[in-house]
Amino acid sequence: MFAVLLLCGCATSQAVLKTQTVNVPVALSCKPDIGSAPAYPDTPSAIAAAPDIFARTKLLLAGRMARIQREAELTVALAACG
C-alpha cells in the first residue's frame, strides 16, 4: 500500500508559479493654466444698443471669431495634458 501512495505522489505535477506584470493606467491630475474667459463683444446689451443690422452682424461675427480663438486655445491646453 505504501508503494502505491509513493507512486501516486510522483504522478502529480508540481504547481507552476508565473509572475505576470499587468500595466494599469492611472489617471493623473492635469490643470492647465487657461486663464479667465475673455469679455466677448456680442453681449445682449451691446447687440441691443447697435444702431442697425450691419453693426449687430459685426458684433456677432466678432464674438464668433473670439469664441473660435478661445476654443483653439483650450484645445491646445487640453492636448498638452496628454
Residue count for segment 38-82, restricted to those that are surrounded by fewer than 10 Cβ atoms within 10 Å (Cβ to Cβ), touching a residue at least 24 places away in the same chain (Cβ under 8 Å) and either among the hydroxyl-bearing types (Ser, Thr, Tyr) or at negative phi (or both): 1
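Any chance you could count how many residues in segment 36-82 are of a type in the set (A, V, I, L, M, F, W, C) and farther than 30 Å from VAL26 by Cβ?
Within segment 36-82, residues that are of a type in the set (A, V, I, L, M, F, W, C) and farther than 30 Å from VAL26 by Cβ number 17.
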Residues of segment 9-66 satisfying the condition of being touching an Asp or Glu at 6+ places or on another chain (Cβ under 9 Å), closer than 30 Å to CYS81 by Cα and not β-branched (Val, Ile, Thr): GLY35, ALA62, GLY63, ARG64, ALA66
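Rule-based calculations on the coordinates, nothing more; no lab input. The shown structure was predicted, so the numbers you read here are calculated from the model rather than taken from an experiment. Cβ atoms come from the backbone with ideal geometry, glycine included; neighbour counts cover every protein chain shown.
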